[in-house]
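Chemist: What follows is a single structure, and I will ask about it in a moment.
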Amino acid sequence: MENKNTANGDCGCDPYLLSLVETQPTSTNKKTGRSTGLLLASITGGAAIALSVVCFPFVSPALRRVVLPYVPASTKQVENVMKALSASKSTGKKLIDLGSGDGRIVLAAGQKGFQSHGVELNSVLVLYSKFAAWKQRINNVTFSRQDLFKVDYTKYNNIVIFGVEEMMPELEALFEKSLKSSSQVIACRFPLPNWKPSNVIGEGIDTVWVYEV
Ligand SMILES: C[S@@+](CC[C@H](N)C(=O)[O-])C[C@H]1O[C@@H](n2cnc3c(N)ncnc32)[C@H](O)[C@@H]1O
């Protein structure tokens, strides 16, 4: 004779009741699952927001009319800028770096006794530069978050720019209007299109052009 219970497993339970027990999560399980899901979603969402906040200052220059990305000067390039400063006939020791990045040129010039200021759009890099100055105990340097096209250049004798080719004509016109006669411009990697340099230091991508105003 056929055993009725074999289809329901060994226990002989009602198949409907058995399926309820096996497939329905308990309310405690449901709550735990929901909280874990919420926690994971919050962590992922929070991490995405934090990442966007940190990355935005690095990406935002790409949204401007002239794109000037963050490319730090090489060690050789910094050395060449320092050589240009040492060879300078200008007695003034006030320097500005336009788009100062992580502050390496400003810090190196500060160590050489120049009262140096860096303007930089990226607030993370401005904060980093200030921290580096504090850590290295270099007191004659300052940094501000500012657009390099809106700076008053007249206060400075040495203007350093590591820009891109497309922005050099606009900068040249700006310098022509606003620079004092005792100042000099030090252009890294890309020269000013029309001015005649008084000195050219280094070669290749580390070349530095010096212009006396
Ligand atoms: C090529 S990097 C040079 C960094 C630094 N001077 C160096 O030599 O290591 C150019 C820097 O200019 C900044 N920048 C771009 N547009 C700017 C603007 N309109 N005003 C100020 N800084 C700007 C970028 O964020 C970037 O850090």
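The values are calculated or read from the model by the stated rules, or taken from the named source; none is laboratory data. Since we're looking at a predicted model, the values are computed, not measured. Heads up, the Cβs are rebuilt from the backbone with ideal geometry, glycines too, and the neighbour counts pull from every protein chain shown.
Chemist: Quick one: in segment 102-147, which of the residues that are among the polar types (S, T, N, Q) and assigned to a helix (DSSP H, G or I) is farthest from N158 (Cα to Cα)?
Modeler: If we take residues in segment 102-147 being among the polar types (S, T, N, Q) and assigned to a helix (DSSP H, G or I), then S123 is farthest from N158 (Cα to Cα).
Chemist: Shifting gears a bit: If only one of F162, F175 is within 20 Å of W209 (Cα to Cα) and more than 14 Å from the ligand (Cβ to nearest atom), which one is it?
Modeler: Only one candidate passes the filter, namely F175.
Chemist: What are the pairs, 6+ residues apart or on separate chains, where a residue within segment 182-203 that is over 20 Å from V71 (Cβ atoms) and in contact (Cβ under 8 Å) with a residue 12 or more places away in the chain has its Cβ under 7 Å from a residue that is surrounded by fewer than 18 Cβ atoms within 10 Å (Cβ to Cβ) and of a type in the set (S, T, N, Q)?
Modeler: Between residues of segment 182-203 that are over 20 Å from V71 (Cβ atoms) and in contact (Cβ under 8 Å) with a residue 12 or more places away in the chain and residues that are surrounded by fewer than 18 Cβ atoms within 10 Å (Cβ to Cβ) and of a type in the set (S, T, N, Q), the close pairs are S182/S90; S183/S90; Q184/S90.
Chemist: Only one of L127, L107, L95 is within 14 Å of the ligand (Cβ to nearest atom), buried (at least 16 other Cβ atoms within 10 Å of the Cβ) and more than 22 Å from V200 (Cα to Cα). Can you tell me which?
Modeler: Only one candidate qualifies: L107.
Yes/no matrix, rows are residues, columns are (1) modelled with pLDDT of 85 or more; (2) aromatic (F, W, Y); (3) touching a strand residue (DSSP E or B) at 6+ places or on another chain (Cβ under 9 Å):
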| position | (1), (2), (3) |
| --- | --- |
| K30 | no, no, no |
| R34 | no, no, no |
| L39 | yes, no, no |
| I49 | no, no, no |
| F56 | no, yes, no |
| A62 | no, no, no |
| P72 | yes, no, no |
| V81 | yes, no, yes |
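Chemist: Hey, another quick one. Can you confirm whether segment 106-113 contains a residue that is more than 17 Å from P72 (Cβ to Cβ) and among the aliphatic types (A, V, I, L, M)?
Modeler: Within segment 106-113, not a single residue is more than 17 Å from P72 (Cβ to Cβ) and among the aliphatic types (A, V, I, L, M).
Chemist: Would you be able to tell me the number of residues in segment 142-163 that are closer than 17 Å to I105 by Cα and either of a type in the set (K, R) or in contact (Cβ under 8 Å) with a residue 40 or more places away in the chain (or both)?
Modeler: 11
Chemist: Of the conditions (1) modelled with pLDDT under 95; (2) in a helix (DSSP H, G or I), S182 satisfies every one except a single condition; which number is it?
Modeler: Failing condition for S182: (2).
Chemist: Identify, by number, the condition in (1) touching a helix residue (DSSP H, G or I) at 6+ places or on another chain (Cβ under 7 Å); (2) within 9 Å of the ligand (Cβ to nearest atom) that Q146 doesn't meet.
Modeler: (1)
Chemist: Quick check on segment 69-92: of everything there that is more than 8 Å from the ligand (Cβ to nearest atom) and of a type in the set (S, T, Y), which residue is nearest to the chain's Cα centre (by Cα)?
Modeler: Among those that are more than 8 Å from the ligand (Cβ to nearest atom) and of a type in the set (S, T, Y), it is S74.
Chemist: OK, next. Filter segment 82-101 for residues that are small (G, A, S), farther than 22 Å from V164 by Cα and assigned to a loop (DSSP other than H, G, I, E, B) and give the result.
Modeler: Passing the criteria: A87, S88, S90, G92.
Chemist: When you check I161 against the structure, is it of a type in the set (V, I, T), modelled with pLDDT of 95 or more and within 23 Å of P197 (Cα to Cα), yes or no?
Modeler: yes
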